[in-house]
Amino acid sequence: MPPAMPMLSRGKHRNPSKGACFMEFASYLAGERWSDHPSCTHPLLAGLARLVNDHTSDDARPRLAELIPSVIGLTGDDPRLDARIALCSARAALPVVAHERQLAMAVSILSAEHVLTELEGRPAGDLDERSSQALAQVPDAARWARTFGRGVRVSPKGFRRYAAPNTVQLAVRGIAQACVPDPDLLLRGLLADAIDDCWALLRPAAGIDAGNDAGTAAGTDSAAVDPARWADACRLTGVSI
């Protein structure tokens, strides 16, 4: 990992010398044209990265930079990717967001788990341990979500197209507005966990554990990033040591 971090900024910029957002740097490091919608990263993961970038405070945003190389190459057509990214977002948001958003996040967790059980051939009602733990922290919202979703069938295609991106947006905004000591830390943790979950699905041989922040920052495709291009990005934008 290069010691110098590029200076991240909020929103979209046409000129790297004026700062850049997370995904614009990813496009540059991947050798693509300057864009915050590069083809090197799954669209929903890129959307999550843009939201986290824009909802993170200016002081905390430089800490996101070390995650940039890890999103390069994380893309594919596997419909489980969208469900996992949405699930990761909902689990991170559920314990801390306002009550009305807790209900939506609880429904999102159950819906994403339903889609994954169908795609992976798991028994109906089977929940990942992390999902069970998140729901257990808000039993009223979990109870309401189970009642609300009773008899409702969520198709993988519909979840991927509508529910997944809505879940990601609600989760990030909810965390950013939550009454917690350090929402920036939660947002960064959400992005790191989502990256790890995507690596685990696409490159299981890489051996990166979900939630392993150090593994995300140092793992897999980071080593493939051209050090000269990274140094050039730092030079163009300013650095944070």
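The values are calculated or read from the model by the stated rules, or taken from the named source; none is laboratory data. As the structure is a prediction and not an experimental result, all values here were calculated from the model. Cβ coordinates were reconstructed from backbone atoms using ideal geometry, including for glycine residues, and neighbour counts include every protein chain displayed. Only protein heavy atoms, including side chains, enter the accessible area calculation; ligands, DNA and RNA are left aside. Shrake-Rupley method; radii C 1.70, N 1.55, O 1.52, S 1.80 Å.
Filtering segment 214-241 down to residues that are at pLDDT below 50 and either open to solvent by 60 Å² or more (accessible area, probe 1.4 Å) or outside any helix (DSSP H, G or I) (or both), which residue is farthest from R130 (Cα to Cα)?
The first filter runs over segment 214-241 and keeps only residues at pLDDT below 50, leaving 214-223, 239-241.
From what's left, either open to solvent by 60 Å² or more (accessible area, probe 1.4 Å) or outside any helix (DSSP H, G or I) (or both): 214, 218-219, 223, 239-241.
Working: A214: 20, A218: 24, G219: 23, A223: 30, V239: 36, S240: 34, I241: 34 Å.
Among them, the one singled out is V239.
Based on what the data block shows, is S35 modelled with pLDDT of 90 or more and either more than 30 Å from E118 (Cβ to Cβ) or touching a Lys or Arg at 6+ places or on another chain (Cβ under 6 Å) (or both)? Before you say what the answer is, go through the steps one by one.
Numbers: modelled with pLDDT of 90 or more: yes; either more than 30 Å from E118 (Cβ to Cβ) or touching a Lys or Arg at 6+ places or on another chain (Cβ under 6 Å) (or both): yes.
Against the criterion (modelled with pLDDT of 90 or more and either more than 30 Å from E118 (Cβ to Cβ) or touching a Lys or Arg at 6+ places or on another chain (Cβ under 6 Å) (or both)), S35 qualifies.
Got a number for residues in segment 88-97 being without any contact (Cβ under 8 Å) to a residue 60 or more places away in the chain and open to solvent by less than 10 Å² (accessible area, probe 1.4 Å)?
Residues flagged as without any contact (Cβ under 8 Å) to a residue 60 or more places away in the chain and open to solvent by less than 10 Å² (accessible area, probe 1.4 Å) within segment 88-97 amount to 1.
Hey, can you tell me all the residues within segment 132-162 that are open to solvent by less than 80 Å² (accessible area, probe 1.4 Å) and either assigned to a loop (DSSP other than H, G, I, E, B) or in contact with an Asp or Glu (Cβ under 9 Å, 6 or more places away or on another chain) (or both)?
V138, G149, V154, S155, P156, F159 - these are the residues of segment 132-162 that are open to solvent by less than 80 Å² (accessible area, probe 1.4 Å) and either assigned to a loop (DSSP other than H, G, I, E, B) or in contact with an Asp or Glu (Cβ under 9 Å, 6 or more places away or on another chain) (or both).
Please find, among V97, V71, the residue that is touching a Gly at 6+ places or on another chain (Cβ under 9 Å) and β-branched (V, I, T).
Of the residues listed, the single one that is touching a Gly at 6+ places or on another chain (Cβ under 9 Å) and β-branched (V, I, T) is V97.
With the structure loaded, tell me whether Q169 is loosely packed, with under 15 Cβ neighbours inside 10 Å, in contact with a Gly (Cβ under 9 Å, 6 or more places away or on another chain) and under 30 Å from P62 (Cβ atoms) or whether it fails that test.
On the way: loosely packed, with under 15 Cβ neighbours inside 10 Å: yes; in contact with a Gly (Cβ under 9 Å, 6 or more places away or on another chain): yes; under 30 Å from P62 (Cβ atoms): yes.
Criteria met by Q169.
Mind listing just one residue for me: the one in segment 183-209 that is among the charged types (D, E, K, R) and open to solvent by 70 Å² or more (accessible area, probe 1.4 Å) and, of those, modelled with the highest pLDDT? Steps first, please.
So in segment 183-209, the residues among the charged types (D, E, K, R) come out as 184, 188, 193, 196-197, 203, 209.
Narrowing further to those that are open to solvent by 70 Å² or more (accessible area, probe 1.4 Å): 203, 209.
Details: R203: 80, D209: 46.
Per the stated criteria, the residue is R203.
Please work out which one of (1) surrounded by fewer than 24 Cβ atoms within 10 Å (Cβ to Cβ); (2) within 30 Å of R143 (Cβ to Cβ) is the condition C21 fails and give its number.
The single condition C21 does not satisfy is (2).
Return only the number of the condition from (1) in contact with a helix residue (DSSP H, G or I) (Cβ under 6 Å, 6 or more places away or on another chain); (2) among the aliphatic types (A, V, I, L, M); (3) modelled with pLDDT of 90 or more that A98 does not satisfy.
Of (1) in contact with a helix residue (DSSP H, G or I) (Cβ under 6 Å, 6 or more places away or on another chain); (2) among the aliphatic types (A, V, I, L, M); (3) modelled with pLDDT of 90 or more, only one is false for A98: (1).
Filter segment 52-81 for residues that are open to solvent by less than 30 Å² (accessible area, probe 1.4 Å) and either touching a Cys at 6+ places or on another chain (Cβ under 8 Å) or within 17 Å of Q177 (Cα to Cα) (or both) and give the result.
Within segment 52-81, V52, N53, T56, A60, R61, V71, I72, G73, L74, L81 qualify.
Sort out which residues of segment 144-179 are among the β-branched types (V, I, T) and at pLDDT below 95, and write them in order of number.
Passing the criteria: T147, V152, V154.
Under 6 Å between Cβ atoms, which residue pairs at least 6 apart in sequence (or on different chains) link something in segment 107-118 that is modelled with pLDDT of 95 or more with a partner that is polar (S, T, N, Q) and crowded, with 23+ Cβ neighbours inside 10 Å?
Close Cβ pairs satisfying both conditions: S108/T167.
Scan segment 29-42 for residues that are touching a Ser or Thr at 6+ places or on another chain (Cβ under 9 Å) and touching a residue at least 60 places away in the same chain (Cβ under 8 Å) and jot them down.
Correct list: H42 only.
How many residues are of a type in the set (D, E, K, R) and open to solvent by less than 30 Å² (accessible area, probe 1.4 Å) if we restrict to segment 98-131?
1
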